[in-house]
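One structure is given here, and the rest of the page talks about it.
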There are 2 protein chains.
Amino acid sequence: MYYIFNYLRFMKNEFLRNWDTQLKKGLLPLFVLQALKKKECYGYELIQELKSSFGMEVTEGTIYPLLIRLMKEGLLVHKWVEQSSGIPRKYYFISETGEINFNEMKKNIEETLLKVN
Amino acid sequence: MYYIFNYLRFMKNEFLRNWDTQLKKGLLPLFVLQALKKKECYGYELIQELKSSFGMEVTEGTIYPLLIRLMKEGLLVHKWVEQSSGIPRKYYFISETGEINFNEMKKNIEETLLKVN
DNA sequence: TATAATACATCGTTATACAATGTATTATAT
DNA sequence: ATATAATACATTGTATAACGATGTATTATA
C-alpha cells in the first residue's frame, strides 16, 4: 500500500510527462552550458551533475547527441583525458562563443519568465 | 548602413533561433493556458494575444493543432459563437483539469528557473 | 562468475513547431 | 469595379531533439 502512495505521489499524467520532455528541449542546452561554465565535465559525469544540480534526469541517448551538437555549433570544445585505468574520458569546456550564447539565452529566458504569473 | 546595424541588432544566429523554437515547445502550452485563464479567446485572437502579452510569435499551423491537443487532453473546452457577419468563432475556455495542470506546470517551471544563474 | 557501474556511442520512434497550402468571408486600397 | 489584405477556420509535410533500446569495453562488487 505504501508503494502505491509513493507511486502516485511522484506520478504525472500523460500530458505533464510529455510537457516535461518538450520543456527539456529548451532548458537542457542552457543547463548544460551553465554546468560546464562552473566546471568542465565528461559526458557521463554531466548526466549526474544535471541530476544533482538541476533535478534534471537525462539519458545518454540525450546527452551525447546534444554535446556533439554543441561542439558543431562551436559552443563547446573537448579534450580526451587518458585514465590510469579504465576508459578515457572526453572532457567538455565552454568556449567564448558558448559564453556569449549562454548570456543571450539567459537574458531571453529571464525576460520570458517574467511574463508567467 | 543604418539598416544593416538594425538588422544585426535583432538578428540571432542559427543556434539561438533554433533554441528559441525548442524553448517555445515547452512554454507555449503554459502561455496558452495562462492567456485563456485571463480571458477566453478564439484561435485567431489567441495568436495576437500571445504576441502582445508574451512577445511570442506563433503561426496558425502551431496554434490550431495545439488547441486541438489541449482539447483532447481535457484541459480546454470550446464553444462555437455565430457572428452577425463573417465566419463563426470557436472560443476556447480553460477547464478545471486545465487549471490543475496549469498550476502544476507553473510550480514546476518556477522551481526549475530558480536554478538558472 | 554473474551483475552492476562506469564510459563511450548510435539508431529508430515520437512529439511538436512551422512553413506552405487550402477554403471562405469581409474590409480596404487602387 | 477589382485586386489585396485581414479575418477565421484547418491540414499536411518537414525538421528538430528527447528518449528507449542497443552496442562495445573496462572495472568493481556481490
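Just so it is clear, none of the values below were taken in a lab; they were calculated from the coordinates. None of these values were measured; they are calculated from a predicted model. Virtual Cβ from ideal backbone geometry, glycine too; neighbours counted across all protein chains shown.
Things worth noting here:
- Legend: mean number of C-beta atoms from other chains within 10 angstrom of residue C-beta atoms, peptide A:103-115, equals 4.
- Per-residue mean of C-beta atoms belonging to partner chains within 10 Å, peptide A:27-35: 3
- Kirkwood Rh, Cα atoms: Rg over Rh of region A:36-117: 1.03
- Within a straight-line Cα-Cα reach of under 26 Å, A:Lys37 can be paired with the following lysines, leaving aside sequence neighbours fewer than 8 residues apart in one chain: A:Lys24, A:Lys25, A:Lys51, A:Lys72, A:Lys79, A:Lys90, A:Lys106, A:Lys107, B:Lys12, B:Lys24, B:Lys25, B:Lys115.
- Counting from the shortest, the label point at A:Glu96, 7 Å from Cα toward Cβ, is 6.0 nm from the same position in each remaining copy.
- Summarised in one figure, the compactness ratio Rg/Rh of the protein assembly as shown, Cα atoms and Kirkwood Rh, is 1.04.
- Close amide H contacts of A:Cys41 (hydrogens built in the peptide plane, cut-off under 5 Å, sequence separation of 5 or more or a different chain): A:Tyr92.
- Neighbour counting of Cβ atoms within 10 Å sorts the residues B:Trp19, B:Trp80, fewest neighbours leading, into B:Trp80, B:Trp19.
- The alpha carbon centroids of region B:11-60 and region A:15-71 are separated by 24 Å.
- The charge dipole of region B:29-113, taken about its Cα centre with unit charges on the Cβ atoms of Lys, Arg (+1), Asp and Glu (-1) only, comes to about 140 debye.
- Other-copy label distances relative to B:Lys79, 7 angstrom Cα-Cβ extension, nm: 6.5
- Legend: ranking of residues B:Lys107, A:Lys12 from fewest to most surrounding C-beta atoms inside 10 Å; resulting order B:Lys107, A:Lys12.
- Crossing angle, helix A:60-72 versus chain A [Cα axis fit, 0-90 degrees, rounded to tens]: 40
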